[in-house]
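Q: I have a structure here, written as structure tokens, and I will follow up with some questions on it.
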Amino acid sequence: MSESITGHLQLIRTHLNGKAELIAVSKGQPSEKILEALEAGQMLFGENRVQEAIEKWPVLKSRYPHAQLHLIGPLQTNKIKDALAVFDAIHTLDRPKLVDSLAKAIRKGSRNIPCFVQVNTGKEPQKAGVFPENTGNLIYHARAAGLMVKGLMCIPPVDDDPTAHFSLLQSLAQVHHLPWLSMGMSGDYEKAIACGATHVRIGTAIFGERF
Ligand SMILES: *Cc1c(COP(=O)(O)O)cnc(C)c1O
């Protein structure tokens, strides 16, 4: 199995060709598989649940102090303190109340880590993220509260061609002078790269199916 995780990482890095950071999405994967990726030199990972991250990552980070972990799933305000202790960036800043709660935790001594604002580019009712037309307001609010807003993130609707959504995110980032774009997963990362992705979030194409 170790050849396969190492081999998948090599192949994806070849495709990325240095154009974007590879976030290895390790949600639902056991620590043994994550260790294989760490041993292969992968140092940037993504998890979508705070609880799962605090169960797996303190041990992994003590063995690999250079490893970085990004939160790619929803953040509830009661998990903020734990999240700021284990994660190195948040991709899912999506509402004013979360901005205020993060700012409060940081004032009380939690780490101030870089954030991406999640944009609901398809305006899907069940999906997290600000609507495109409200992105500017949330960025303004977050910056005024002292957060480090560095980029935008989106998850396109499953049935749409993702390119339109990636292009929309790219133009929003340009308008708001944000350098980072978190977009692209196992099935569509090449399209995301073509639209200027700086961070791709890839799980199954590296680790196989989740449990
Ligand atoms: C699970 C997940 C991914 C990775 O998806 P794959 O299809 O396994 O590559 C990327 N982004 C988010 C937000 C996710 O929840």
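Q: Among all residue pairs at least 6 apart or on different chains, which show Cβ distances below 7 Å where the first residue, located in region 17-36, is open to solvent by less than 40 Å² (accessible area, probe 1.4 Å) and within 16 Å of the ligand (Cβ to nearest atom) and the second is charged (D, E, K, R) and assigned to a strand (DSSP E or B)?
A: From region 17-36, the pairs are Ile23/Arg201; Val25/Arg201; Ser26/Glu47.
Q: Right, next: Do you know which residues across region 184-200 are near the ligand (Cβ under 9 Å from one of its atoms) and either open to solvent by less than 10 Å² (accessible area, probe 1.4 Å) or touching a Cys at 6+ places or on another chain (Cβ under 6 Å) (or both)?
A: Once the filter is applied, which keeps residues that are near the ligand (Cβ under 9 Å from one of its atoms) and either open to solvent by less than 10 Å² (accessible area, probe 1.4 Å) or touching a Cys at 6+ places or on another chain (Cβ under 6 Å) (or both), region 184-200 yields Gly184, Val200.
Q: Identify all residues within region 135-147 that are under 18 Å from Ala173 (Cα atoms) and surrounded by 15 or more Cβ atoms within 10 Å (Cβ to Cβ); write none if there are none.
A: Thr135, Leu138, Ile139, His141, Ala142, Leu147
Q: From the list Lys19, Lys33, which one is of a type in the set (D, E, K, R) and outside any helix (DSSP H, G or I)? Reasoning before the result, please.
A: Values: Lys33 fails: outside any helix (DSSP H, G or I).
Matching residue, one of Lys19, Lys33: Lys19.
Q: If a residue counts only when it is within 16 Å of the ligand (Cβ to nearest atom), which helices (runs of 4 or more DSSP H) contained entirely in region 63-181 have at least 2 such residues? Explain how you work it out, then say what you get.
A: Working: elements: 80-86, 96-107, 135-144, 162-175.
Result: 162-175.
Q: Among the candidates Gly109, Gly129, single out the residue that is free of Cβ contacts under 8 Å to residues at least 12 places away in the same chain and on the phi > 0 side of the Ramachandran plot. Spell out the reasoning first.
A: Working: Gly129 fails: free of Cβ contacts under 8 Å to residues at least 12 places away in the same chain.
Selected residue: Gly109, the only one of Gly109, Gly129 that is free of Cβ contacts under 8 Å to residues at least 12 places away in the same chain and on the phi > 0 side of the Ramachandran plot.
Q: Something else about it: Report whether or not Phe207 is within 13 Å of the ligand (Cβ to nearest atom) and more than 20 Å from Leu16 (Cα to Cα).
A: Details: within 13 Å of the ligand (Cβ to nearest atom): yes; more than 20 Å from Leu16 (Cα to Cα): no.
No; evaluated as a whole, the condition is false for this residue.
Q: Related question: Of the numbered conditions (1) touching an Asp or Glu at 6+ places or on another chain (Cβ under 8 Å); (2) more than 17 Å from Ala205 (Cβ to Cβ); (3) open to solvent by less than 50 Å² (accessible area, probe 1.4 Å), Thr6 satisfies every one except a single condition; which is it?
A: Exception for Thr6: condition (2).
Q: Let me ask something else. With the requirement that a residue be open to solvent by 70 Å² or more (accessible area, probe 1.4 Å) and touching a Leu at 6+ places or on another chain (Cβ under 9 Å), what does region 97-134 give you?
A: Arg111 - this is the single residue of region 97-134 that is open to solvent by 70 Å² or more (accessible area, probe 1.4 Å) and touching a Leu at 6+ places or on another chain (Cβ under 9 Å).
Q: How many of the residues in region 66-90 are closer than 20 Å to Cys154 by Cβ and open to solvent by 50 Å² or more (accessible area, probe 1.4 Å)? Walk me through it before giving the result.
A: Initially, region 66-90 is screened for residues closer than 20 Å to Cys154 by Cβ, giving 70-75, 87, 89-90.
Subset that is open to solvent by 50 Å² or more (accessible area, probe 1.4 Å): 74.
Qualifying residue count, region 66-90: 1.
The values are calculated or read from the model by the stated rules, or taken from the named source; none is laboratory data. Just so it is clear, the structure is predicted and the values come from calculations on it, not from any experiment. A quick note on method: Cβ atoms are made from the backbone with ideal geometry, for glycine too, and the neighbour counts reach across all protein chains shown. The accessibility values were calculated without ligands, DNA or RNA, using every heavy atom of the protein model including side chains. Shrake-Rupley method; radii C 1.70, N 1.55, O 1.52, S 1.80 Å.
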